[in-house]
Amino acid sequence: MLEKIITLENMSLIDFLGIENKNIKEIASAFPESKIISRGNEIKIQGTAPQILRINEILNSLISHYERYGKVTHENVVSYINEEHEEEHSRISEDILIFGTKGSKIYPRTKNQKTLVKSVAKNDLVFAIGPAGTGKTYISVALAVRALKNKEVKKIIITRPAVEAGENLGFLPGDLKEKIDPYLRPIYDALHDMIPGEKLKYYRENGVIEIAPLAYMRGRTLNNAYILLDEAQNTTPMQIKMFLTRMGPESKAIVTGDRSQIDLPPRQKSGLIEAVEVLKDVKGIGFVNLNHTDVVRHKLVKDIVNAYTHHAESSKD
């Protein structure tokens, strides 16, 4: 067994190694046949030559990342681990949509996510359908933010049906913002990953980025905008038709949804399912289906989605 020692110099160890060496432990878990020991500012690697070479490449990449951004997150570590060789690194660099607020690379990580990016490039309206955790909303928000940064559009409009409250939010406590924020929280989380806080606040206050319940789209024409309808499985046929007919000149729209999480009242047909059937032959509209292989959350999420899919299929038999 070979050994290599890397000395960390001129850096905050907690910002590089993570709390309780979490970042180093993540690398160690990815290479179970090797041994990685962190003591003070030294990292000792024990293993075969190819393993040591690969771990050394990851650590050097993380050191370069730290020198550029001043911090290494758990997501950064996972990202560099998944880049298995230099050619892969170059390919990912080409796929990068934007850099996140913490220096993380935001890019399509699966085949179907890449298909989504390509479909959006070719079509002004795209339906992205798949289960939880497949990145359909996150990638869609990233595409919208990139278009705004590149001045391809003047504004971003993101909307969701507040189906749990029937879009009648009056009985909830607080002002309007406090009433609707719980339904839009995932959108805020994605935007905070991609746009610095003060800039995002400026965009919100000046109408450059608008986040609102679906009911607020009625009667509007949305020009020169990137429009995202999230959780579209919870729209009624009338609601999704209303949304789709809001598109104005120089606009792009992405509709995301999950067929398996329809929260509408019994016997109420999902607008998403009807729209896919009605519009399937219309030119200029893209349809992308994601599945459990595209799940990019905790590794258990993929297994959970897969188990539920198998259960649903067996229940039909």
So how strong a dipole does the range 1-132 carry about its Cα centre when Lys and Arg Cβ are +1 and Asp and Glu Cβ are -1, to the nearest 20 debye?
300 debye
Could you check what % of the DSSP bridge pairs in the chain are antiparallel, to the nearest 5?
35 percent
Expressed per residue, the solvent accessible area of the range 178-244 in Å² (1.4 Å probe) is about 45 Å²
Going through LYS111/LYS149; LYS22/LYS199; LYS105/LYS136; LYS102/LYS149; LYS102/LYS122; LYS71/LYS111 one by one, the pairs whose alpha carbons sit over 27 Å apart turn out to be LYS22/LYS199; LYS102/LYS122; LYS71/LYS111
Between Rg and the Kirkwood Rh of the chain, both from Cα atoms, what is the Rg to Rh ratio?
1.02
Out of ILE254, LEU116, GLY197 - ranked by how far each Cα lies towards the positive end of the dipole of the chain, with unit charges on the beta-carbon of charged residues - the top one is ILE254
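Could you tell me what percent of the accessible area of the range 231-282 is made up of carbon and sulfur, with a 1.4 Å probe and every protein chain present? Intermediate values should be presented prior to the final figure.
Values: 1490 of 2770 Å².
Using a 1.4 Å probe with all protein chains present, the range 231-282 comes out at 54 percent carbon and sulfur.
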Could you state how much accessible area HIS292 has, in square angstrom rounded to the nearest 10, with a 1.4 Å probe and all protein chains kept in place?
60 Å²
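Under 21 Å between alpha carbons: how many lysine pairs meet that in the range 200-317, if sequence neighbours fewer than 8 apart on the same chain are excluded? It would help to have the intermediate numbers written out before the result.
On the way: LYS241/LYS252; LYS241/LYS269; LYS241/LYS280; LYS241/LYS283; LYS252/LYS280; LYS252/LYS283; LYS269/LYS280; LYS269/LYS316.
Summing the qualifying lysine pairs gives 8.
The values are calculated or read from the model by the stated rules, or taken from the named source; none is laboratory data. Because the structure is predicted, anything quoted here is derived from the model rather than measured. Virtual Cβ from ideal backbone geometry, glycine too; neighbours counted across all protein chains shown. The area values use the complete protein model at the heavy-atom level, side chains included, leaving out ligands, DNA and RNA. Shrake-Rupley method; radii C 1.70, N 1.55, O 1.52, S 1.80 Å.
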